[in-house]
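Coordinate-derived values only; no laboratory data. Values in this document were obtained by computation on a predicted structure and should not be read as measured data. Positions of Cβ are generated from backbone atoms using ideal geometry, with glycine treated the same way; all protein chains shown enter the neighbour counts.
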Amino acid sequence: MENQQLEVLERKVGQLIIENDFLKKKLGSLCQKERREMIEMNHENLSVRRQCSLLELNRSTIYYKTVERVHDTILANEINELWNDMPFYGYRRMTAELRRRRYQLLPSKAGSS
């Protein structure tokens, strides 16, 4: 009786290994965005960590929120307008002023024009 159960379990493990290998190969054809969309944040049996591991994703990509960047020409026009109004501002003050106006930018962008 015990031998039969052992054989059944060994067959199941073998089948699961074959299925796992098959899914890993198919996973390679999916882009990162598609794999990210497969994550279920409130899955009752699999933690987010385990899902990320299975889908070969870094956990940080799940929580990352993209920041909308202002188009460079719009930003350049705004910098030019600020420069005309306040030519005595250096790049640090210019950056601070742009951030006060809700622009998302790197400090190097303010001093570029």
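If you look at the Cα atoms of the chain, you get an Rg and a Dmax of 26.4, 89 Å. For the chain, the residue among Thr95, Asn84, Met38 whose Cα projects farthest onto the positive side of the dipole built from Cβ charges is Asn84.
Ordering Thr95, Thr66 from the fewest to the most neighbouring beta carbons within 10 Å gives Thr66, Thr95.
In region 2-63 the Cα-Cα distances spread across 10 Å bins starting at 0 as 20, 37, 26, 13, 3 percent of all pairs. Taken as Cα centroids, region 76-94 and region 25-43 sit 44 Å apart, rounded to the nearest whole angstrom.
In the chain, helical runs assigned H by DSSP with n ≥ 4 each contribute -39500 (n - 2.57); averaged across all residues and rounded to the nearest 500, the mean residue ellipticity at 222 nm is -19000 deg cm²/dmol. Here the gap between Ala76 and Arg99, fully extended at 0.36 nm per residue and compared with their Cα-Cα distance, gives a gain of 6.9 nm.
Working note: Karplus 6.51/-1.76/1.60 with θ = phi - 60° gives region 55-67 the couplings 8, 6, 10, 7, 4, 4, 5, 6, 8, 5, 10, 6, 9 Hz, where Gly and Pro are set to x. Helix 72-85 and the longest principal axis of the C-alpha atoms of the chain enclose an angle of approximately 30°.
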